[in-house]
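Report on the following structure.
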Amino acid sequence: MFEFITQHLSEISNFSMAIATVIMVFYTKKSIDEMKISRKEANKANIVFYVEQKEHNLNFIIKNIGHTMAHNVKIRSNPEFKTDEPEKFNFDSIFKYYSIIPSRF
């Protein structure tokens with residue numbers, strides 16, 4: 001047995017290195033996939049919505065505190081806002097074609 005190992009040492013080492021390389025490729029791909037998900041989560045848009053009172057007015061503040069622009073933002077309320085002039089108070093028509101740019105730009 002020892003004689004067989006010494007005669008075929010290079011083939012055995014090449015085979016074991018090939019197996020080690022396949023294992024390294026698998027874990028490297030897994031690590032890259034996790035990094036892609038992490039980068040996507042870290043760089044996504046983050047919309048914050050709050051109400052601010054100034055004198056007798058309520059101001060609706062919408063800010064993007066994320067790292068990228070927010071696209072296709074829809075604003076809804078539950079219950080719906082009641083108004084006598086619904087065409088002037090349509091959130092979808094206001095924000096439908098605009099992107100919310102990050103607040104630090």
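The values are calculated or read from the model by the stated rules, or taken from the named source; none is laboratory data. Remember, it's a predicted structure, so these values are computed and weren't measured experimentally. All Cβ positions, glycine included, derive from the backbone under ideal geometry; neighbour counts span all protein chains shown. When the accessible area is computed, the model is the full protein with side chains, heavy atoms only, and any ligands, DNA or RNA have been set aside. Shrake-Rupley method; radii C 1.70, N 1.55, O 1.52, S 1.80 Å.
So is residue 9 among the aliphatic types (A, V, I, L, M), open to solvent by 80 Å² or more (accessible area, probe 1.4 Å) and under 30 Å from residue 73 (Cα atoms) or not? I'd like the intermediate steps shown before the answer.
Details: among the aliphatic types (A, V, I, L, M): yes; open to solvent by 80 Å² or more (accessible area, probe 1.4 Å): yes; under 30 Å from residue 73 (Cα atoms): no.
Criteria not met by residue 9.
If a residue has to be of a type in the set (Phe, Trp, Tyr) and not in a strand (DSSP E or B) to count, how many in the range 48-80 make the cut?
So the count comes out to 0.
Could you list, in sequence order, the residues of the range 25-60 that are among the polar types (S, T, N, Q) and either in contact (Cβ under 8 Å) with a residue 60 or more places away in the chain or open to solvent by 90 Å² or more (accessible area, probe 1.4 Å) (or both)? Can you show your working first?
First pass over the range 25-60, keeping only residues among the polar types (S, T, N, Q): 28, 31, 38, 43, 46, 53, 57, 59.
Those that are among the polar types (S, T, N, Q) and either in contact (Cβ under 8 Å) with a residue 60 or more places away in the chain or open to solvent by 90 Å² or more (accessible area, probe 1.4 Å) (or both): 53, 57.
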